[in-house]
Protein chains: 2
Amino acid sequence: MGRRTGSGRIGIADVALKAGVSHATVSRVMNGNFTVDPAIAQRVRDAAAELNYQPNPVGRSLALGKTDTIGIVVPDLANPTFQAILRGLSMAAAQDGYRVLIADSSEVSSEEAILAGEARRRCDGLVLCAPRMGDAELEELAPSLHPMVLINRSTTESRVPSLEVDYSQGVQELAEHLVDLGHTSIAFLAGPARSASNRARMAGLDKFRAAHPGVELRMLEGGSSFETGHEAVDEVLASGATGVLAFNDLVAMGLLSGLHERGVRVPEDISITGFDDIPFARYTTPPLTTAAVPITELGEHAWHSLRALIRNAEAPEEESTFQPRLEIRGSTGPLAK
Amino acid sequence: MGRRTGSGRIGIADVALKAGVSHATVSRVMNGNFTVDPAIAQRVRDAAAELNYQPNPVGRSLALGKTDTIGIVVPDLANPTFQAILRGLSMAAAQDGYRVLIADSSEVSSEEAILAGEARRRCDGLVLCAPRMGDAELEELAPSLHPMVLINRSTTESRVPSLEVDYSQGVQELAEHLVDLGHTSIAFLAGPARSASNRARMAGLDKFRAAHPGVELRMLEGGSSFETGHEAVDEVLASGATGVLAFNDLVAMGLLSGLHERGVRVPEDISITGFDDIPFARYTTPPLTTAAVPITELGEHAWHSLRALIRNAEAPEEESTFQPRLEIRGSTGPLAK
DNA sequence: ACGTTTCGAGAAAACGCTTTCTCAGGATTC
DNA sequence: GAATCCTGAGAAAGCGTTTTCTCGAAACGT
């Protein structure tokens, strides 16, 4: 086309001109190619330094066919869990010279496919974080997104590594813990219906129920936020449960706060557990008993899987499951007589 | 060069071939150029749909000279404040079809210049968030980063809008609030020395001190994390202050937690204030009195400024100051006799 | 001293697009 | 009916790199 030649920024041509060599030679020097005369190389480096030349990454990406960037799509950037994954991913990727592009679907599952596709095209790989889309759509989308790694979701597409947290196991351990403390009436304050991790918790509780016929276990509708927990106080109290398994730490904290306002003592009157062990969990009053998920590490791991995929186009299939670790703190205890 | 022609992905050439037209026509159709015969346009669209063609954004970026991406560099992605800014920015930018690339300097100020430069080259604009670098370096860097907007920092470079929170005013209001409650011995648990916002708070407290000669105000060394607050308990108690202005909500929460462990009652024995009004602040026990900063909105505003800069290469200089709003909750009160 | 390798650097193609330039063919005008 | 104006689409240039091709010159061996 030829809008205006000699755009504002200085390019490889300017350096070449100044050093009295060709584009090609400048490129070779900038990329540490040693088939260039040391004296000339130095002249090029001087010219580059003097002009403060920095190669244009877009041109580079086009020529090289890679962007040194990966994308992550999350359902909600306000959620501490996704923030932590993003952080782990970003730190780990930065270590290897990769940047990360974020996309937030705002829990709108119909946006996910579009965002994921766009991000993927701009990047060398993708991390799809707890997608809310249906299984069928995920199956269909997966091949076109490769290389990609899934978090808290899986697919039959064999090239897609899947990193999952064993919510089923975690919630069972929390429930067991309550039983050990003598609780026989337990309530589960559930998460969003679309959430796969909520379904996993449900499945875990089914197992628990089968193993403990004597324990009464009620399911309560809920959500994933503070507000959910805060608003659920009445329902929880009405249920008569003495132990409550909140969907996650946020919900547990909202509940804690609501109970405190009502003058209900924790854990004397009622025990509360969370899930995730977000940084704040240990600083609530009382500190929250929860199932610790190594979230940041999960983000790190996601990068390592993705890196493998990007490097060897054929990386080994992988299915990692992260086991939550029971973190017993002050929000659970035996019922005070 | 000619590595292998016909890379895996399908490109504009494939569509052109299938539709029996030239590259140019496909491009025109894809970009909604109406100088194309409707019948041919339809043929192209059909071919594109059938091949599931999506233009390669890198090629597009190179030709168009824009990436539809902006960068943000933050000192620490673990900090809720920066997370909120990122979120506000990301949501607002997405609304206009822009993506965001993140860079975390991990509080290493020497990394900032490099990260900022790299991000800027890959993007159409940059948000530099509370940079830790020195004033001189910031001055020097600013022109090369344009278009850029600064958060919680300013520069003499006129083209750089600067969005600042009036920490000075906020901390004064918090201090006044404590005085109104009858406190005459106050401590400030300071933040990181390199932080410009900490210096702003210090300046505010100098004014406060001048206006209230009768009030005793002590400065305590601190930091910006939970741990800082938690570890400062002894020092705070030793100071004899009955009102504590914590650097931010995180520090305040750590302090709250530490005091609770010691059996010190808040606010009966000591009043605590935070700063920022992070989402968790209202759910502590007692809920935290703090100065609410509209952080997410700040991120949004950053996008709007940056957008203006990107659109008109010559946007009006701008200096926005955000006023914190006093949020009085349960962590402050009169001293119990 | 001459043919053969080796070496180093420039020319040019390629990456995948957008857009200007150009030009054939049909519509319009006198 | 010929000169002129549109219209629409292909050819080609350009975005800023990297890399292959190519080729002159220097180095080598006999």
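The values are calculated or read from the model by the stated rules, or taken from the named source; none is laboratory data. Since we're looking at a predicted model, the values are computed, not measured. FYI the Cβ positions are ideal-geometry reconstructions off the backbone, even for glycines, and counts take in every protein chain you see.
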Residue count, the range B:28-64 (criterion: polar (S, T, N, Q), within 11 Å of chain A (Cβ to nearest Cβ) and within 9 Å of DNA strand C (Cβ to nearest atom)): 3
Would you be able to say whether some residue in the range A:286-308 is assigned to a loop (DSSP other than H, G, I, E, B), within 14 Å of another protein chain (Cβ to nearest Cβ), at pLDDT below 95 and buried (at least 16 other Cβ atoms within 10 Å of the Cβ)? yes
Checked A:E50, A:E107, A:E111, A:E118 against criteria (among the acidic types (D, E) and either within 13 Å of DNA strand D (Cβ to nearest atom) or more than 21 Å from B:G97 (Cα to Cα) (or both)); the one match is A:E50
Within the range A:214-237, can one find any residue that is touching a Lys or Arg at 6+ places or on another chain (Cβ under 7 Å) and more than 14 Å from chain B (Cβ to nearest Cβ)? yes
Options B:S110, B:S154, B:S144: the member that is modelled with pLDDT under 95 and within 14 Å of chain A (Cβ to nearest Cβ): B:S144
Within the range B:109-126, does at least one residue satisfy the condition of being within 24 Å of A:P279 (Cα to Cα), touching a Ser or Thr at 6+ places or on another chain (Cβ under 8 Å) and in contact (Cβ under 8 Å) with a residue 24 or more places away in the chain? no
Unique residue being in the same structural domain as B:E235 (by TED's automatic domain parsing), part of a loop (DSSP other than H, G, I, E, B) and farther than 18 Å from B:I72 by Cα when the list is B:A187, B:A203, B:A193: B:A193
Quick test of your reading of the structure: B:Y98 fulfils all but one of (1) within 7 Å of another protein chain (Cβ to nearest Cβ); (2) of a type outside the set (V, I, T); (3) in contact with a Ser or Thr (Cβ under 9 Å, 6 or more places away or on another chain). Name the failing condition by number. (1)
Which of the numbered conditions does B:L62 fail, given that it passes all the others? Conditions: (1) part of a helix (DSSP H, G or I); (2) under 44 Å from the mean Cα position of the chain (by Cα); (3) modelled with pLDDT under 95; (4) of a type in the set (A, V, I, L, M). (3)
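Conditions (1) modelled with pLDDT of 95 or more; (2) crowded, with 23+ Cβ neighbours inside 10 Å; (3) among the charged types (D, E, K, R), marked per residue:
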{"position": "B:S271", "(1), (2), (3)": "yes, yes, no"}
{"position": "B:D276", "(1), (2), (3)": "yes, yes, yes"}
{"position": "B:R311", "(1), (2), (3)": "no, no, yes"}
{"position": "B:P316", "(1), (2), (3)": "no, no, no"}
{"position": "B:Q323", "(1), (2), (3)": "yes, no, no"}
{"position": "B:R329", "(1), (2), (3)": "yes, no, yes"}
Total residues in the range B:117-140, condition touching a Gly at 6+ places or on another chain (Cβ under 8 Å) and within 14 Å of another protein chain (Cβ to nearest Cβ): 6
